[in-house]
Amino acid sequence: MQQELLIILVVIWLGLSVGSMMLFQRGKDAARKRKLWPKYTIFSNTVLAAFIVYMQPPLPMLIGLLVFMIPLTLLTIRSTKFCDACGNASRSPFFMKPPTACSHCKKPLK
Ligand SMILES: [Zn+2]
């Protein structure tokens, strides 16, 4: 039972990684990517949180990790922008201010 849960989590995680590549690395539909990105990020971090709970770390560490993940999730969503011109994702490094220009075609981002 415990092991099955771990396999399910790994399968979901792999699915999310492949899905992310298909959805956000390919294609030019920036509007659709922009709409899906927060949902995807929240869902994948929820899976990661489930994984952490499954590993059963000591309680203070568990709470610390889960609390840490909330701002991390919000910052990940905020620091990723999708370019209308080329459809590529631009991420700002080290969770600084959101990028203002596309890292691929240098056009300004909204
Ligand atoms: Zn671009």
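The values are calculated or read from the model by the stated rules, or taken from the named source; none is laboratory data. Note that the structure is predicted; figures quoted are calculated from it, not measured. Here the Cβ positions follow ideal geometry from the backbone for every residue, glycine too, while neighbour counts run over all protein chains shown.
Within the stretch 49-64, the set of residues being surrounded by 14 or more Cβ atoms within 10 Å (Cβ to Cβ) and at pLDDT below 95 comprises Ala49, Ala50, Phe51, Ile52. In the set (1) part of a helix (DSSP H, G or I); (2) surrounded by 16 or more Cβ atoms within 10 Å (Cβ to Cβ); (3) within 16 Å of the ligand (Cβ to nearest atom), Arg32 fails one condition alone, (2). Taking the criterion of being without any contact (Cβ under 8 Å) to a residue 40 or more places away in the chain and part of a strand (DSSP E or B), the residues of the stretch 82-110 that qualify are Ser90, Arg91, Ala101, Pro108. Checking each residue in the stretch 48-61 for being within 17 Å of Gln2 (Cβ to Cβ) and either part of a helix (DSSP H, G or I) or among the β-branched types (Val, Ile, Thr) (or both) picks out Ala50, Phe51, Ile52, Val53, Tyr54, Met55. Please enumerate the residues belonging to the stretch 76-110 that are at pLDDT below 90, at negative phi and either more than 16 Å from the ligand (Cβ to nearest atom) or among the polar types (S, T, N, Q) (or both). Once the filter is applied, which keeps residues that are at pLDDT below 90, at negative phi and either more than 16 Å from the ligand (Cβ to nearest atom) or among the polar types (S, T, N, Q) (or both), the stretch 76-110 yields Ser92, Pro93, Met96, Lys97.
Does Thr73 satisfy being surrounded by 13 or more Cβ atoms within 10 Å (Cβ to Cβ), within 16 Å of the ligand (Cβ to nearest atom) and either in contact (Cβ under 8 Å) with a residue 60 or more places away in the chain or closer than 30 Å to Ile8 by Cβ (or both)? It is false that Thr73 is surrounded by 13 or more Cβ atoms within 10 Å (Cβ to Cβ), within 16 Å of the ligand (Cβ to nearest atom) and either in contact (Cβ under 8 Å) with a residue 60 or more places away in the chain or closer than 30 Å to Ile8 by Cβ (or both).
Closer than 20 Å to Leu72 by Cβ, in contact (Cβ under 8 Å) with a residue 40 or more places away in the chain, hydrophobic (A, V, I, L, M, F, W, C) and surrounded by 13 or more Cβ atoms within 10 Å (Cβ to Cβ), is that true of Trp13? When the stated conditions are applied, Trp13 does not pass them.
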